[in-house]
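The values are calculated or read from the model by the stated rules, or taken from the named source; none is laboratory data. As the structure is a prediction and not an experimental result, all values here were calculated from the model. FYI the Cβ positions are ideal-geometry reconstructions off the backbone, even for glycines, and counts take in every protein chain you see.
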Amino acid sequence: MIIHNARILYGADFELIRGYIKVEDGLISEVGEGSIRGDLDAENCIIIPGLINAHVHILDSVAKESGIGMALEELVRPPYGYKQKILRSTPKEKLVAAACDAVREMMSNGITSFCEFSNDPALSKQANKEAKIYYEPTMVQMDDDVATNKLNPSIVDDVHEHARECDGIGLSGVGEFSDATLEKIADLGLPLALHAAEHIPSQQRSLALTGKTEVERAVKLDPGFLVHVTNPFEDDIGYIVKKSIPIICCPRCNALLGVGVPPIMDFLEKGVLVALGTDNVMLNSPDLFREMEFLSRIISHVHRDPGTISAKDILRMVTLNPARILGMDSGVILEGKQADLLFLRPHRNMSPLGDVVSAIVHRADARNVWRVMCGGRTIYDSSVG
Ligand SMILES: [Zn+2]
């Protein structure tokens with residue numbers, strides 16, 4: 001297939017090319033300048049890599065807005081958080097129906113792939129078979145067990161049983177597990193990721209119970225990535241940098257929960273690979289256009305400097321960076337990469353078009369999404385809905 005009459009953001013630096021993309025067997029085989037005859041007229045759309053939502057929980061979609069105003073722990077901390085109660089008490093068909101809506105919404109927002117942390121991977125897979133799914137156990141340990149470093153083999157068995165059917169293990173945090181249990185989980189040899197340092201009280205609890213911060217305990221396990229790190233303590237970023245551990249930030253959800261702004265400029269300056277996620281659908285719309293715009297504005301606000309972060313750095317956080325972190329062969333328009341493509345039609349909200357990447361980060365939204373392709377196959381067409 002040849003997609004012609006396109007404006008293409010090519011490569012990791014988003015070089016603007018007017019031309020065409022050839023797709024063969026789901027891969028980009030050629031990108032070229034100029035007008036040639038093709039099979040699909042892109043109608044002068046801007047084609048960018050499909051967006052990747054690096055962190056989301058879709059099963060709580062059923063409880064949209066119901067937890068607003070609750071503190072983080074009351075809301076999501078296993079095993080007694082409000083979210084866990086909702087997941088236990090709602091019929092599974094209702095959970096899946098709401099999760100399917102969230103997946104469709106993501107597609108209409110230009111998202112071609114997402115990484116889901118799920119308490120019930122079988123249900124998450126019913127909503128989308130292609131998603132990266134990390135098993136998040138609900139069986140956890142209490143503070144006394146964490147403080148005395150008690151091993152809980154049942155948790156390790158549960159994680160093993162469920163996670164081997166998934167893409168990895170995604171723990172709610174180190175706070176709910178002893179180091180002995182965490183080490184056994186890490187020894188399972190499956191890809192491991194953890195929420196860490198989302199807010200100050202959980203960091204303080206970790207210090208009180210174990211003498212170490214959440215980040216220090218998490219980094220010892222050599223995880224593939226950490227989620228949040230909104231409130232690192234003194235040496236935490238150093239531990240992360242030393243082991244080159246990527247971080248997935250969820251700034252819009254953090255802001256809603258009042259837990260702070262992740263120190264993304266510190267991460268970038270120290271060479272940490274950063275991606276963005278939208279986190280719990282019950283709190284936050286799964287929309288990376290909103291996430292990008294919010295991040296750009298909040299970083300300028302925090303640093304009191306309008307030039308702190310570049311639009312290209314932000315766009316890479318929802319394309320190339322998450323692909324690298326999650327081991328995907330997409331996230332960039334280059335020959336040989338998977339043809340996960342987002343076609344944006346610049347309506348009047350982006351016209352006249354100035355800097356293309358800045359317009360995408362600061363102005364684009366679902367109205368601009370004309371077509372979404374995954375492996376060269378159209379998964380969303382705005383004319384059909
Ligand atoms: Zn999360």
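Among the residues in the range 107-116, are any away from the ligand (no atom under 13 Å from the Cβ) and free of Cβ contacts under 8 Å to residues at least 60 places away in the same chain? For the range 107-116, residues away from the ligand (no atom under 13 Å from the Cβ) and free of Cβ contacts under 8 Å to residues at least 60 places away in the same chain: absent.
Looking at L226, L221, just one residue is of a type in the set (A, V, I, L, M), outside any helix (DSSP H, G or I), within 14 Å of the ligand (Cβ to nearest atom) and assigned by TED's automatic domain parsing to the domain that holds L256, and that residue is L226.
Taking residues in the range 222-243 that are within 14 Å of H199 (Cα to Cα) and charged (D, E, K, R), and partners anywhere that are assigned to a helix (DSSP H, G or I) and away from the ligand (no atom under 15 Å from the Cβ), the pairs with Cβ atoms closer than 6 Å and at least 6 places apart or on different chains are D236/V215.
Of all residues in the range 25-41, those that are assigned to a loop (DSSP other than H, G, I, E, B), among the acidic types (D, E) and either at negative phi or not assigned by TED's automatic domain parsing to the domain that holds G11 (or both) total 1. In the range 275-295, the residue that is nearest to the chain's Cα centre (by Cα) out of those that are within 16 Å of the ligand (Cβ to nearest atom) and aliphatic (A, V, I, L, M) is L276. For the range 341-373, taking the residues that are surrounded by fewer than 20 Cβ atoms within 10 Å (Cβ to Cβ), under 17 Å from M107 (Cα atoms) and not aliphatic (A, V, I, L, M), the one that is farthest from the chain's Cα centre (by Cα) is identified as R345. Is it the case that some residue within the range 319-342 is among the β-branched types (V, I, T), away from the ligand (no atom under 16 Å from the Cβ), at pLDDT 95 or above and closer than 29 Å to A71 by Cα? Looking for residues that are among the β-branched types (V, I, T), away from the ligand (no atom under 16 Å from the Cβ), at pLDDT 95 or above and closer than 29 Å to A71 by Cα, one finds none in the range 319-342, hence no.
Cβ-Cβ contacts under 6 Å between residues 6 or more apart (or on different chains), taken from a first residue in the range 151-166 that is more than 20 Å from L123 (Cβ to Cβ) to a second residue that is not aliphatic (A, V, I, L, M), are listed as L151/T181; N152/Q141; N152/T181; I155/T181; V156/K184.
V272 fulfils the conditions (1) free of Cβ contacts under 8 Å to residues at least 60 places away in the same chain; (2) within 16 Å of the ligand (Cβ to nearest atom); (3) not in a helix (DSSP H, G or I) except for a single criterion, (2).
A quick yes/no check of all residues on (1) on the phi > 0 side of the Ramachandran plot; (2) assigned to a helix (DSSP H, G or I); (3) over 18 Å from the mean Cα position of the chain (by Cα):
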{"residue": "C100", "(1), (2), (3)": "no, yes, no"}
{"residue": "V103", "(1), (2), (3)": "no, yes, no"}
{"residue": "M106", "(1), (2), (3)": "no, yes, no"}
{"residue": "F117", "(1), (2), (3)": "no, no, no"}
{"residue": "Y134", "(1), (2), (3)": "no, no, no"}
{"residue": "M139", "(1), (2), (3)": "no, no, yes"}
{"residue": "K150", "(1), (2), (3)": "no, no, yes"}
{"residue": "I155", "(1), (2), (3)": "no, yes, yes"}
{"residue": "H160", "(1), (2), (3)": "no, yes, yes"}
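The condition of being out of contact with any Leu (no Cβ under 7 Å at 6 or more places or on another chain), within 15 Å of I48 (Cα to Cα) and basic (K, R) holds for only one of R367, R345, that being R345.
Screening the candidates P191, P232 for the property of being farther than 24 Å from D143 by Cα and away from the ligand (no atom under 15 Å from the Cβ) yields one hit, P191. Between I247, I264, I314, I298, the distinction of being farther than 25 Å from I86 by Cβ, touching a residue at least 12 places away in the same chain (Cβ under 8 Å) and either within 16 Å of the ligand (Cβ to nearest atom) or not assigned by TED's automatic domain parsing to the domain that holds V103 (or both) belongs to I247 only.
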